[in-house]
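Novice: Sharing a structure, written as structure tokens. Questions coming.
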Amino acid sequence: MRHIDRRTLLAGGVGIPAGALAPPVSAAPVSADPGPVTDLRLRPTVHTGAERWSLHDRMIHHAVPGVAIAVVRRDVIETVRGFGTRIAGANAPVDADTLFSVGSVSKLASAALCLQLVSRGILDLDRDVNHWLKRWRVPAGPHGDGRAVTLRMLLSHTSGFNVHGFADYPPGVPLPSLVQTLNGESPAMNKALARIDPAGTRSRYSGGGYMIVQAVMEDATGEPAMRRSRFVAAPADSFANIARAHDRGGKLVALPRGWQSFPELAPSGLWTTAGDLARMIVALGVSYRTAGGFLPQELAVDMMTAVAPGANGLGPRLAGVGAARIFHHGGANDSYKAYVEGNLATGDGLVVLTNGERGDVLGDEIRNAVSDAYHWPGDWSVLVPAVPMLSLLDSYAGTYRRRADQDPLVAGFLDTGFSADTVEVVRSKHGLSIRSRGRDRKLVPVDSSDFVMPDGYVPAATMLFRFARDTDGKVRRLRAIAGADTLVFDRQQPA
């Protein structure tokens, strides 16, 4: 049974009213050769070269019952495969048609839908969104900011709105409407949408901003924008092939139904399969490289171009340089973790869907294994050597305060993504850790002044901390670096 009919996002424009439907996109070809996915050797991102594990062993280790993987090679879907079970303890194999919640990967699909409306002239990327909004109005900006909020800002997380993400709703509880979510009114569990930065000045991830995108699409077309897709708060109970939700220990949650609801459709409400997401990766990549695709090429290139001061395009996150340039997005509802990636130069891509709370870590290890197997360029892994630190570790320990008024264009994602004002570098018998907001994160040395964070949270990058020693041998500064983004912290002297 298909979960998304032929009038899906990739085959005619999900949810776009009949008068605005795009010509169907040809289904991406599927190879008969499954490639090396059948025998992946997983490893961590920060590694010594010796770690290699089977997928089965790591699924057990991370307590993730089920995984679906799709690999794209040169615009051909090489394989779509399921591993493990939909329901812990049951004979319910994950297959190519198993439905998963994909969290914020929904934003990429929503952005594609929005851009198709732009291509039809129904919407405009650079017009004040109040032009279309009928049920809700964009609130005034902070500090007298009178600049209009546009779809370009909302899609790229530069609009200045709050509400990073949303809580999952357990079965049986009332679900909010779109307007209740925007206003933060019960039964919504989020704060009201508010502008906390002047429009266009900072990169601040906002799932709330995508609720405004949804409202724009619905109000501009006069119909629910997600009506004909699996953008639903929760699938029907009668649908059998659904990956159930599991907690950190691999136990079923959200009972008796077995999955939560996600009423915030555009930012996190997509239920889909690995194969359908692979088709989306192909459709967007082909549109970028050639004319006549799902999106006009000029608009697809716009979608895949970063909007300053952040690294997000119009929907996707962007990383890598040259032949390693990728668009990607992760998804993280409580019990479902997802990741999608497409290489803009080669037409390669990856989809990983999981039904366990620790599926994000497993997904990173799967991505590393796939990258190794296919020799993909631009992998952000770090091979760590043995580093004789001697007494240097003691000189690095201390408290560091973020330097004020750093340029958001230089700080990039770290400006709001690593937003602690103060960090403490802690010395222990095991080495160094970064302590921020009450949590310790291990640091691993890669040379005598640079340390990487294995337990990082920077999308498609490995976070590095560089201690700066002055000419007198004293350590007075610390730089946090992720790709091209940098934040400077000054060491605080003891009172």
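The values are calculated or read from the model by the stated rules, or taken from the named source; none is laboratory data. The shown structure was predicted, so the numbers you read here are calculated from the model rather than taken from an experiment. Virtual Cβ from ideal backbone geometry, glycine too; neighbours counted across all protein chains shown. What goes into the accessible areas is simple: the full protein's heavy atoms, side chains included, and nothing from ligands, DNA or RNA. Shrake-Rupley method; radii C 1.70, N 1.55, O 1.52, S 1.80 Å.
Novice: Sequence gap at least 6, Cα distance under 8 Å: using those rules, report the relative contact order of the chain to the nearest whole percent.
Specialist: Numbers: 1157 pairs, mean separation 87.8, N = 495.
Averaging sequence separation for qualifying contacts and normalising by length gives 18 percent for the chain.
Novice: Amide H to amide H under 5 Å from Ile196: which residues, 5+ apart in sequence or cross-chain, H placed 1.01 Å off N in plane?
Specialist: Distant-sequence amide H within range of Ile196: Phe161, Asn162.
Novice: Over 25 Å between Cα atoms, which of Lys107/Lys442; Lys251/Lys429; Lys191/Lys251; Lys442/Lys474 qualify? Working shown, then result.
Specialist: Numbers: Lys107/Lys442 31 Å; Lys251/Lys429 35 Å; Lys191/Lys251 30 Å; Lys442/Lys474 23 Å.
Check vs 25 Å cut-off fails for Lys107/Lys442; Lys251/Lys429; Lys191/Lys251.
Novice: Hey, another quick one. Ordering Phe166, Phe239 from largest to smallest accessible area (1.4 angstrom probe), what's the sequence?
Specialist: Final ranking, largest accessible area leading: Phe166, Phe239.
Novice: Now for a separate question. Please give me the summed charge of the neighbours of Leu464: other residues whose Cβ is under 12 Å from its Cβ, Lys and Arg +1, Asp and Glu -1.
Specialist: Spelling it out: positives minus negatives among the neighbours equals -1.
Novice: A further question on this structure: What do you reckon, how do Val173, Val71 stack up by accessible area (1.4 Å probe), largest on top?
Specialist: Numbers: Val173 55, Val71 0 Å².
My answer, sorted largest first, is Val173, Val71.
Novice: Hey, can you find the accessible area per residue of region 40-94 for me, probe 1.4 Å, expressed in square angstrom? Walk me through the numbers on the way to the answer.
Specialist: Details: 2280 Å² over 55 residues.
Spelled out: the 1.4 Å probe surface of region 40-94, per residue, equals 42 Å².
Novice: I want to check the label-to-label distance for Asp95 and Leu393. Put each point 7 Å from Cα in the C-beta direction and report it in nm to one decimal.
Specialist: Going from the Asp95 label point to the Leu393 one covers 5.2 nm.
Novice: Another one. Just the number: Rg to Rh for region 240-396, Cα atoms, Kirkwood Rh, two decimals.
Specialist: Values: Rg = 18.8 Å, Rh = 17.9 Å.
Rg/Rh for region 240-396 comes to 1.05.
Novice: Hey, can you grab everything whose amide H is under 5 Å from the amide H of Leu432? Only 5+ residues off in sequence or another chain; H modelled, so Pro and N-termini drop out.
Specialist: Hits under the 5 Å cutoff: Leu443.
Novice: What is the extension gain from Arg476 to Ser177, computed as 0.36 nm multiplied by their sequence separation minus the C-alpha to C-alpha distance, in nm to one decimal? Walk me through the numbers on the way to the answer.
Specialist: On the way: separation 299, 0.36 × 299 = 107.64 nm, distance 5.12 nm.
Result for the pair: 102.5 nm of gain on full extension.
Novice: While we're looking at this one, here's another question. Counting only Cα atoms, I'd like the Rg/Rh figure for region 31-143, Kirkwood definition for Rh. Don't skip to the answer; put the middle values down first.
Specialist: On the way: Rg = 21.4 Å, Rh = 18.6 Å.
Rg/Rh: 1.15.
Novice: Right, something else. Counting alpha carbon pairs within less than 8 Å and at least 6 residues apart, what relative contact order, in whole percent, applies to region 363-495? The partial results should precede the final answer.
Specialist: Details: 218 pairs, mean separation 32.0, N = 133.
Value for region 363-495: 24 percent.
Novice: For region 147-222, taking Cα atoms only, what is the radius of gyration to one decimal and the Dmax to the nearest whole Å?
Specialist: 12.8, 41
Novice: So if I place +1 on the C-beta of Lys and Arg and -1 on the C-beta of Asp and Glu, and nothing else carries charge, what would the dipole magnitude of the chain be about its Cα centre? I want it in debye, nearest 20. Mind showing how you got there, number by number?
Specialist: On the way: 54 positive and 48 negative charges, 108 e Å.
With Lys and Arg at +1 and Asp and Glu at -1, about 520 debye.
Novice: Check which residues have an amide H placed less than 5 Å from Ala319's amide H, if you skip close sequence neighbours.
Specialist: The list, which skips near neighbours in sequence, is Ile326.
Novice: Could you give the length gained on full extension between Arg52 and Gln406, defined as 0.36 nm per residue of separation minus the Cα-Cα distance, in nm? Present the calculation step by step, with values, prior to reporting the outcome.
Specialist: Details: separation 354, 0.36 × 354 = 127.44 nm, distance 4.06 nm.
Extending this stretch completely gives an extra 123.4 nm.
Novice: Rounded to a whole number, what % of the accessible area of the chain do carbon and sulfur atoms account for, probe 1.4 Å?
Specialist: Values: 10290 of 19940 Å².
That fraction is 52 percent.
Novice: P(r) for region 454-495: what percent of alpha-carbon pairs falls in each 5 Å bin, starting at zero?
Specialist: Over region 454-495, the share of Cα pairs per 5 Å bin runs 6, 20, 24, 20, 14, 10, 5, 1 percent.
Novice: Given just the C-alpha atoms of region 329-460, how large is their convex hull per residue in cubic angstrom? Spell out each step's value before the answer.
Specialist: Details: hull volume 19.9 nm³, N = 132.
Once divided by residue count, the hull of region 329-460 is 151 Å³.
Novice: Another question about this same structure. Along the charge dipole of the chain, which of Pro296, His328, Val253 sits closest to the positive end, that is, farthest toward it, with unit charges on the beta carbon of Lys, Arg, Asp and Glu (+1, +1, -1, -1)?
Specialist: Val253
Novice: To continue, here is another question. With all pairs of different alpha carbon atoms counted, what Kirkwood hydrodynamic radius in Å does region 89-230 show?
Specialist: On the way: mean 1/r = 0.0614 Å⁻¹.
Result for region 89-230, one decimal place: 16.3 Å.
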